[in-house]
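**Q** Input: one structure, supplied below.
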Amino acid sequence: VAYERRLGTDRALWGDRVPLDVEVWNRKVLPLPLLVADDFVTDSLRISGRRLAPSDRPGQGSLQNAWSLLWYERVIRHLVIEAQRRGAFVFGPVRLTVSDLFERGTQSEERSLPAQLIVRPRNVAVRSDDPARAPLGSVRARSSLFHDPARFAGVRPYEPGDPMRRIHWRATARLPAPVSRRYEPVFERQVLLAVDLQTVEGPHWLMQYDDEQLEALCVAAVSLARRLLRDGSACGLLVGAQLVGGRRFAYLGPETAPGQLGRIEDLLARVQPLVTLPFESLLGVVPRRLTPGATLLTLGAR
């Protein structure tokens, strides 16, 4: 018996509808009177028109399907996942049970079939009273002490003290004098978003949390990151909570790379409501990792 589960995508935005196809195929001459599949998945997953059954695995529910298959018969069921909640939803394993209609001669088998669906947090617009000001309140200028090496703006004559890596060798070969690369000035060079995910007063190890406040913090963090990256600032993220996969905290250094927003969204999607470090201890990693002159923006609900 072949069992296959196909997700339309492994990443979705909040509010998307993700196709989910479940296929079974009886590859034998003998028919199967009753085939039951218990596909274990994170219990907070929402499937349109279906409800997950309770399971004996902590944190997981069971997507149950049953078929009666003739010889060599293949059946595909089309389901839809409602991405109405941020998170990293883990699929697998699947338990296949074969029996007759009276549940006699029951045999079962577990198969791994790992898969994961990441639902990224909701994005909202970040507005400012003065469009000439960044979200942090710093006025953007035409000149600055800092330059972004990702924003090439041409060449200029070589000046004593320019590092060797800044010399534009191809242009120097064409011109009679050496030239150096010129980059656009930036006002905000690096911004690190440090999110305090403890939403209830008291010791962090009590594992108490306000679900609504936690989701609001994730929405605020990803929305600010999107605005900062769009305005040209390098943005990173620091959170001190349990992540899907076992990590106790996560640090993502500030960057301006095109995929930085996606990395921030994926990290926030994996955040679980279990604070592993007090916020003051979490901030202790900043001086060792962040370069001088950067901006630290803290977000909290307390």
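The values are calculated or read from the model by the stated rules, or taken from the named source; none is laboratory data. None of the values given here were measured: they were computed from a predicted structure. Every residue, glycine as well, gets a Cβ built from its backbone with ideal geometry; the counts of neighbours run over all protein chains shown. The area values use the complete protein model at the heavy-atom level, side chains included, leaving out ligands, DNA and RNA. Shrake-Rupley method; radii C 1.70, N 1.55, O 1.52, S 1.80 Å.
**Q** What do you get for the angle between helix 260-269 and the principal long axis of the chain? Use alpha-carbon atoms, 0 to 90 degrees, nearest ten.
**A** 40 degrees
**Q** Okay, next question. What accessible area per residue, rounded to a whole number of Å², is obtained for the chain using a probe radius of 1.4 Å?
**A** Working: 16990 Å² over 302 residues.
Averaged over the residues of the chain, the accessible area is 56 Å².
**Q** Another question, then. Once R0 is set to 30 Å, what does the formula 1/(1 + (r/R0)^6) return for the Cβ-Cβ distance between Thr106 and Asp211, expressed as a FRET efficiency to the nearest 0.05? Before the final figure, lay out each step's value.
**A** Values: r = 40 Å, r/R0 = 1.32.
Calculated transfer efficiency: 0.15.
**Q** I need the trypsin sites (Lys or Arg not before Pro) found in the stretch 33-68, filtered to DSSP loop residues with at most 11 other beta carbons within 10 Å of theirs. Present the calculation step by step, with values, prior to reporting the outcome.
**A** Numbers: sites: Arg46, Arg50, Arg51; in loops: Arg46, Arg51.
For trypsin sites (Lys or Arg not before Pro) across the stretch 33-68 that sit outside H, G, I, E and B with at most 11 neighbouring Cβ atoms in 10 Å, the list reads Arg51.
**Q** If I take R0 = 22 Å and measure r between the Cβ atoms of Glu4 and Lys28 in this structure, what FRET efficiency does the formula 1/(1 + (r/R0)^6) give, to the nearest 0.05?
**A** Details: r = 17 Å, r/R0 = 0.76.
Given R0 = 22 Å and the Cβ-Cβ separation, E is 0.85.
**Q** On the protein heavy atoms, probe 1.4 angstrom, tell me the percent of accessible surface of the stretch 203-277 carried by carbon and sulfur. Display every interim value, and only then the final one.
**A** Details: 1690 of 3220 Å².
With neighbouring chains kept in place, the figure for the stretch 203-277 is 53 percent.
**Q** Name the long-range amide H neighbours of Arg151: under 5 Å, sequence gap of 5 or more, or other chain; modelled H, no Pro or chain starts.
**A** Glu184
**Q** D for the chain, whole µm²/s, Stokes-Einstein with Kirkwood Rh over alpha-carbon pairs at 20 °C and 1.002 mPa s: what number?
**A** On the way: Rh = 23.1 Å.
For these conditions, the coefficient is 93 µm²/s.
**Q** Return the sequence-ordered ³J(HN,Hα) values of the stretch 168-182 in whole Hz as given by the Karplus equation 6.51 cos²θ - 1.76 cosθ + 1.60 applied to θ = phi - 60°, using x for Gly and Pro.
**A** Computed from phi, the couplings for the stretch 168-182 are 8, 5, 5, 5, 5, 5, 8, 9, x, 10, x, 10, 10, 5, 10 Hz.
**Q** Pop out the ³J(HN,Hα) list for the stretch 288-295 in order, Karplus 6.51 cos²θ - 1.76 cosθ + 1.60 with θ = phi - 60°, rounded to Hz; leave Gly and Pro as x.
**A** Per-residue couplings from phi come out as 7, 10, 9, 6, x, x, 7, 10 Hz.
**Q** Once the Cα atoms of the stretch 245-288 are picked out, what are the Rg and Dmax in Å?
**A** Rg then Dmax for the stretch 245-288, in Å: 11.9, 32.
**Q** Which longest uninterrupted range of the chain lacks any chymotrypsin sites (Phe, Trp or Tyr not before Pro) assigned by DSSP to a loop state (not H, G, I, E or B) and surrounded by at most 14 other Cβ atoms within 10 Å?
**A** Values: sites that count: Trp71, Tyr72, Phe102.
After excluding every exposed loop site, the longest remaining stretch is 103-302.
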